[in-house]
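To start, the structure itself, in structure tokens.
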Amino acid sequence: MKKLIAANWKMNKTAGESALFIGEFKKIIKNEKNADVVICPPFTALSAVSGELKGSGIKLGAQNMHFEDFGAFTGEISPLMLKELGCQYAILGHSDRREIGEKDGLINKKVISALKKGIVPILCIGETHEQRIKDETQDVLESQLTGCLKGVENISNVVVAYEPVWAISKGNPSQKAATKEDAEEAHLFIRKLLEGMYNEEAAKKTRIIYGGSMKPENAKELLAMPNIDGGLVGNASLNPKSFAEIVNSANK
Ligand code: PEP
């Protein structure tokens, strides 16, 4: 399956800085024949990045969205607005948002709404450190997955991002990623869950990507695992050179 490598810039880069990044990145990226590349800048930079990406084959994504198309939702951004700017993906249920109160029910509404608009949800799930040491990882993954996918018929239109919260860098470049074995074990478990919820064929076609301190030094070994279909990259995607190295390692 073609890998998917997505950049989650979080609350970093102005529109001007984002445009400069894309200019640099396009010069050093190799032909992305084995990987789909998605850039998810802050909302304020979507328009500038959209312009810079034209004709490049690199796709645009948002970091969040509301589930309604329009209305009295101060400070929110709708799927229609994202579509108009050329967004094809939206990160939903990221742990940064779960930490400030987003729950599976709300994330589920967003997933359904994105799919209706033809936006591919990058649905983030993953356990915290506390849950992991209490041996609750599988329960957490199962309840997040079932809660967020209620009513979703065509699972292969969703990208599932396994993001163990304890491995996310939060901007610290020395944070360790999950080992390739631990990540693979979780990905295989998610694949099996999807098989049970849907069927073997659909589960096989669904991309399950890994996020949590992926960087040039570990990307190749993580991406070589049989059930790791790509990466969601935070800190290491802020620099065009390191993000290009990650993408290029998926292309080898
Ligand atoms: C993320 O928060 O989605 C993420 C993967 O961040 P990082 O790569 O910095 O750990």
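By what distance, in whole Å, do the Cα atoms of region 127-187 stretch along each of the three principal axes, largest value first?
Sorted largest first, the three principal extents are 39, 25, 21 Å.
Restricting to Cα pairs below 8 Å that are 6+ residues apart, what does the relative contact order work out to for the chain? Please round to a whole percent.
Details: 491 pairs, mean separation 55.6, N = 252.
22 percent.
For a quick size check, give me the Cα extents of region 1-87 along its three principal axes, largest first, whole Å.
Its Cα atoms span 44, 32, 21 Å along the three principal axes.
With the calculation restricted to Cα positions, what are the radius of gyration and Dmax of the chain in angstrom?
When restricted to the Cα atoms of the chain, Rg and Dmax are 16.8, 48 Å.
Report, in order of residue number, the helices in the chain meeting two criteria: a C-alpha extent of 24 Å or more along the helix axis, and a mean Kyte-Doolittle hydropathy of at least 1.6; treat each whole DSSP H run as one helix. Could the numbers behind the result be given before it?
Working: long enough: 180-197 (25 Å, -0.51).
Once both thresholds are applied, nothing remains.
When only C-alpha pairs under 8 Å and at least 6 residues apart count, what is the relative contact order of region 1-94, in percent? Write out the running numbers ahead of the final one.
Numbers: 141 pairs, mean separation 26.1, N = 94.
The value is 28 percent.
Output the relative contact order of region 118-252, whole-number percent, from Cα pairs under 8 angstrom with separation of 6+ residues.
Details: 210 pairs, mean separation 32.5, N = 135.
Relative CO of region 118-252 lands at 24 percent.
Divide by every residue of the chain the summed helix terms, -39500 (n - 2.57) for each DSSP H run of at least 4, and state the resulting mean residue ellipticity at 222 nm, rounded to the nearest 500 deg cm²/dmol.
Working: 11 runs with 105 residues, N = 252.
Computed mean residue ellipticity for the chain: -12000 deg cm²/dmol.
Please tell me which of these pairs span more than 28 angstrom C-alpha to C-alpha: Lys33/Lys103; Lys83/Lys109; Lys117/Lys220; Lys27/Lys220; Lys26/Lys109?
Details: Lys33/Lys103 36 Å; Lys83/Lys109 17 Å; Lys117/Lys220 34 Å; Lys27/Lys220 21 Å; Lys26/Lys109 35 Å.
From Lys33/Lys103; Lys83/Lys109; Lys117/Lys220; Lys27/Lys220; Lys26/Lys109, over 28 Å: Lys33/Lys103; Lys117/Lys220; Lys26/Lys109.
Here, each number is a calculation from the coordinates, and none is a lab measurement. Quantities reported herein were computed from a predicted structural model and do not represent experimental measurements.
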